[in-house]
Amino acid sequence: MPIYADQVSSDLAALPFAKGHGTGNDFVLLPDHDGSRYGERVDAAMVAGLCDRRRGVGADGVIRVVRAGVPGLPETAGAAWFMDYLNADGTVAEMCGNGVRVLVRYLLEEGLVADDGDGVPVGTRAGVLLVRTAPEHTLTVDMGPARDGLSGATVTSAHPAVTGPGTAVAMPNPHAVLPVESLDAVGALDRSPEVQPAELFPDGVNVELVQRRGPRALAMRVHERGVGETLSCGTGVCAAAWVAMRADGAQPGTTYTVDVPGGRLWVTEDDAGSLHLRGPAVVVARGEIDAGAILR
């Protein structure tokens with residue numbers, strides 16, 4: 001039975017959940033293996049309530065843990081599980097680089113998958129992504145290449161900390177990567193910096209403010225559409241690294257480190273142009289949610 005904000009019954013007062021994060025980019029995971037608990041999509045009011053940091057669990061987004069192939073999901077051949085990801089305001093995102101690592105960490109810990117060395121394929125709205133265990137309790141996800149069309153377009157912003165033209169990148173979420181001399185000069189990111197030309201981003205845009213820290217080293221802050229400023233953004237980190245790699249003429253196999261407020265991530269581009277994102281993923285809690293209290 002799908003759960004909607006105005007249809008919470010007493011038998012749905014204890015919903016299982018888990019909470020996890022990747023470099024501080026945090027998520028509520030909702031087990032719904034056969035797709036029967038929430039219908040084709042978790043109601044936006046439920047998502048917003050869960051993500052509320054004072055009245056709910058608190059998160060940047062919600063991941064419905066569901067088997068691939070259930071009604072309402074895109075076809076993702078070769079994957080047993082699907083990451084049904086929603087931003088904190090209930091809007092759909094194409095995918096989430098930190099979220100997919102957290103999902104696989106959860107699946108591994110629950111014994112629902114095993115990494116036998118070939119990785120764990122996960123269905124997303126960006127296609128099937130392969131996630132592998134890596135050293136130091138990290139996971140690496142093959143994010144695929146930056147998508148043609150949007151990627152490489154020049155963008156500008158009048159934000160006072162921005163020092164020059166930026167670059168649009170689709171990973172496949174839309175990103176605007178903007179250079180700054182100092183992240184300290186950015187100030188509050190309560191609102192997204194305006195980016196031009198706005199018509200490049202009809203569905204909104206994630207904005208990355210990126211500072212060079214040295215050879216193959218970047219630092220970044222991000223304002224995510226549908227969320228606000230977050231401590232990290234996996235697709236945004238890949239977008240920032242992609243721009244720097246092209247500016248530097250980096251060879252395939254070169255790894256860039258990207259520091260975000262929540263920690264450090266590593267991006268390596270392979271010979272085929274796919275970006276491999278490595279970073280930590282941690283499940284910190286499991287329990288039950290009183291859906292009625294969340295939505296009251």
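Name the single residue that is farthest from the chain's Cα centre (by Cα) among those in segment 72-124 being polar (S, T, N, Q) and within 21 Å of residue 43 (Cα to Cα).
Let us first name the residues in segment 72-124 that are polar (S, T, N, Q), namely 76, 87, 91, 98, 124.
Narrowing further to those that are within 21 Å of residue 43 (Cα to Cα): 87, 91, 124.
Details: 87: 9, 91: 13, 124: 11 Å.
Within segment 72-124, the match that is farthest from the chain's Cα centre (by Cα) is 91.
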Check: Which numbered condition trips up residue 158, out of (1) in a loop (DSSP other than H, G, I, E, B); (2) of a type in the set (A, V, I, L, M); (3) open to solvent by less than 70 Å² (accessible area, probe 1.4 Å)?
Finding: (3)
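Among what's in segment 110-126 and is in contact with a strand residue (DSSP E or B) (Cβ under 6 Å, 6 or more places away or on another chain) and at pLDDT 95 or above, pick the residue that is surrounded by the most Cβ atoms within 10 Å (Cβ to Cβ). So that I can check it myself, show each step before the final result.
We begin by selecting, within segment 110-126, every residue in contact with a strand residue (DSSP E or B) (Cβ under 6 Å, 6 or more places away or on another chain); these are 113, 115, 119-124.
Right, trim to at pLDDT 95 or above and you get 113, 119-124.
Details: 113: 19, 119: 18, 120: 24, 121: 19, 122: 26, 123: 26, 124: 28.
So, considering only residues that are in contact with a strand residue (DSSP E or B) (Cβ under 6 Å, 6 or more places away or on another chain) and at pLDDT 95 or above, the one surrounded by the most Cβ atoms within 10 Å (Cβ to Cβ) is 124.
Residues are listed down the side, and each one gets a yes or a no for (1) modelled with pLDDT of 95 or more; (2) of a type in the set (Val, Ile, Thr); (3) out of contact with any helix residue (DSSP H, G or I) (no Cβ under 7 Å at 6 or more places or on another chain):
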site: 136; (1), (2), (3): no, no, yes
site: 141; (1), (2), (3): yes, yes, no
site: 145; (1), (2), (3): yes, no, yes
site: 161; (1), (2), (3): yes, no, no
site: 165; (1), (2), (3): yes, no, yes
site: 177; (1), (2), (3): yes, yes, no
site: 182; (1), (2), (3): yes, no, yes
site: 188; (1), (2), (3): no, no, yes
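Going by what's in this entry, would residue 252 be described as at pLDDT 95 or above, on the phi < 0 side of the Ramachandran plot, surrounded by fewer than 19 Cβ atoms within 10 Å (Cβ to Cβ) and outside any helix (DSSP H, G or I)?
Numbers: at pLDDT 95 or above: yes; on the phi < 0 side of the Ramachandran plot: yes; surrounded by fewer than 19 Cβ atoms within 10 Å (Cβ to Cβ): yes; outside any helix (DSSP H, G or I): yes.
Answer is yes for this residue.
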Check: Restricting attention to segment 59-74, and to residues there that are open to solvent by less than 30 Å² (accessible area, probe 1.4 Å) and without any contact (Cβ under 8 Å) to a residue 40 or more places away in the chain, which single residue is nearest to residue 111 (Cα to Cα)?
Finding: 66
Notebook entry, point to check: Just checking, how many residues over segment 166-194 are of a type outside the set (A, V, I, L, M) and assigned to a loop (DSSP other than H, G, I, E, B)?
Noted result: 10
Next item on the list: Go through the residues of segment 266-283 one by one and say whether even a single one is out of contact with any Asp or Glu (no Cβ under 7 Å at 6 or more places or on another chain), of a type in the set (Val, Ile, Thr) and free of Cβ contacts under 8 Å to residues at least 24 places away in the same chain.
Entry: yes
Margin query: Among the residues of segment 218-225, are any among the basic types (Lys, Arg), crowded, with 22+ Cβ neighbours inside 10 Å and closer than 25 Å to residue 56 by Cβ?
Written below: yes
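Would you please name the residue that is farthest from residue 141 (Cα to Cα), looking only at residues in segment 171-189 that are touching a residue at least 60 places away in the same chain (Cβ under 8 Å) and not polar (S, T, N, Q)? Walk me through how you get there before you give the answer.
Here is the first cut: in segment 171-189, the ones touching a residue at least 60 places away in the same chain (Cβ under 8 Å) are 171-173, 175, 177.
If we keep only those that are not polar (S, T, N, Q) as well, we get 171-172, 175, 177.
On the way: 171: 13, 172: 14, 175: 19, 177: 21 Å.
By that ranking, first place goes to 177.
Return yes when residue 246 is under 21 Å from residue 20 (Cα atoms) and among the charged types (D, E, K, R) and no when it is not.
no
Regarding residue 129, is this residue under 18 Å from the mean Cα position of the chain (by Cα), free of Cβ contacts under 8 Å to residues at least 60 places away in the same chain and more than 23 Å from residue 269 (Cα to Cα)? Show your work before the answer.
On the way: under 18 Å from the mean Cα position of the chain (by Cα): yes; free of Cβ contacts under 8 Å to residues at least 60 places away in the same chain: yes; more than 23 Å from residue 269 (Cα to Cα): no.
Considered against the rule, which asks whether it is under 18 Å from the mean Cα position of the chain (by Cα), free of Cβ contacts under 8 Å to residues at least 60 places away in the same chain and more than 23 Å from residue 269 (Cα to Cα), residue 129 comes out as no.
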Check: What pairs come up if the first residue lies in segment 194-207 and is open to solvent by less than 90 Å² (accessible area, probe 1.4 Å), the second is among the charged types (D, E, K, R), and their beta carbons are under 8 Å apart, counting only those six or more places apart or on different chains?
Finding: 204/225; 205/225; 206/224; 206/225
Next item on the list: Give, as residue ranges, the strands (runs of 3 or more DSSP E) completely inside segment 17-101 that count at least 3 residues that are among the aliphatic types (A, V, I, L, M).
Entry: 25-31, 61-67
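Within segment 75-95, restricting attention to residues that are in contact with a Phe, Trp or Tyr (Cβ under 7 Å, 6 or more places away or on another chain) and open to solvent by less than 10 Å² (accessible area, probe 1.4 Å), which residue is farthest from residue 39 (Cα to Cα)? Break it down stepwise before answering.
Pass one, segment 75-95, residues in contact with a Phe, Trp or Tyr (Cβ under 7 Å, 6 or more places away or on another chain): 76, 93, 95.
Those still in the list that are open to solvent by less than 10 Å² (accessible area, probe 1.4 Å) too: 93, 95.
On the way: 93: 18, 95: 20 Å.
Restricting to residues being in contact with a Phe, Trp or Tyr (Cβ under 7 Å, 6 or more places away or on another chain) and open to solvent by less than 10 Å² (accessible area, probe 1.4 Å), the top hit is 95.
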Next item on the list: Could you please find all residues in segment 21-48 being open to solvent by 10 Å² or more (accessible area, probe 1.4 Å) and small (Gly, Ala, Ser)?
Entry: 24, 35, 36, 39, 44, 45, 48
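The values are calculated or read from the model by the stated rules, or taken from the named source; none is laboratory data. On a predicted model such as this, the values are computed, not experimentally measured, just so you know. Note that we place each Cβ from the backbone using ideal geometry, even for glycine, and neighbour counts take in every protein chain shown. Quick note on the areas: whole protein, heavy atoms, side chains included, nothing else; ligands and nucleic acids left out. Shrake-Rupley method; radii C 1.70, N 1.55, O 1.52, S 1.80 Å.
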